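K.L.:
Structure provided below as structure tokens; questions to follow.
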Amino acid sequence: MANFYKNAFYSPTTTAVTTVYTAPTNARAIVQNIQLTNEGGSKIVKASITDATNTSNIQIAYASVTGPTICNLAKGPIILEESDQLLLETSNTTSVTAVCSILELSREDQNG
């Protein structure tokens, strides 16, 4: 078993729901932080999870942010099981980005 720290970045080019991270089929993951940066203007940002076992989407965060500001959308650890997805969407793509800090718990050792 191996643990890997990863970042998943969000720099939207569309206001549609965007998959930011998908847990591997051989691992679970803990999303520790979803740090959102809004450089200006007002935006609504939503985070959700796609549960791979039943393909349902569950909204986990909703933020109305006026910039410039930085906020954390994850108010606690978020557990992703195998093939679950972390999704983000924004009402406006201008001057908004996010970084998601993730601990991946793999059942296999990293090769190479």
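Bear in mind these aren't lab numbers, they're just calculated from the coordinates by the rules spelled out. On a predicted model such as this, the values are computed, not experimentally measured, just so you know. Cβ: placed from backbone, ideal geometry, glycine included. Neighbour counts: every protein chain shown.
K.L.:
Considering amide H positions built from the backbone, and no H for Pro or chain starts, which residues 5 or more places from Asp84, or on another chain, come under 5 Å of its amide H?
P.N.:
Those qualifying (amide H under 5 Å, at least 5 residues apart or on another chain) are Ala23, Ala52.
K.L.:
Provide the net charge surrounding Leu86, with neighbours chosen by a C-beta distance below 14 Å and charges set as Lys +1, Arg +1, Asp -1, Glu -1.
P.N.:
Overall, the nearby charge balance is -3.
K.L.:
Relative to the Cα centre, what is the charge dipole magnitude of the chain, using +1 at the beta carbon of each Lys and Arg, -1 at the beta carbon of each Asp and Glu, and rounding to the nearest 20 debye?
P.N.:
Taking the Cα centre of the chain as origin, the dipole is about 320 debye.
K.L.:
Right, another one. If you add up the charges near Val20, with Lys and Arg at +1 and Asp and Glu at -1, over every other residue whose beta carbon is less than 15 angstrom from its beta carbon, what do you get?
P.N.:
After counting each charged neighbour, the total is -1.
K.L.:
Mind pulling up the Rg/Rh value for the chain? Radius of gyration and Kirkwood radius, both on Cα.
P.N.:
1.00
K.L.:
Another question about this same structure. Sort Leu88, Leu105, Leu36 so that the residue with the fewest other Cβ atoms within 10 Å of its own Cβ comes first and the one with the most comes last.
P.N.:
Values: Leu88 23, Leu105 17, Leu36 26.
Fewest-to-most ranking of Leu88, Leu105, Leu36: Leu105, Leu88, Leu36.
K.L.:
Below 12 angstrom from the Cβ of Ala61, what's the summed charge of the other residues (Lys, Arg +1; Asp, Glu -1)?
P.N.:
Neighbour charge sum, excluding Ala61 itself: +1.
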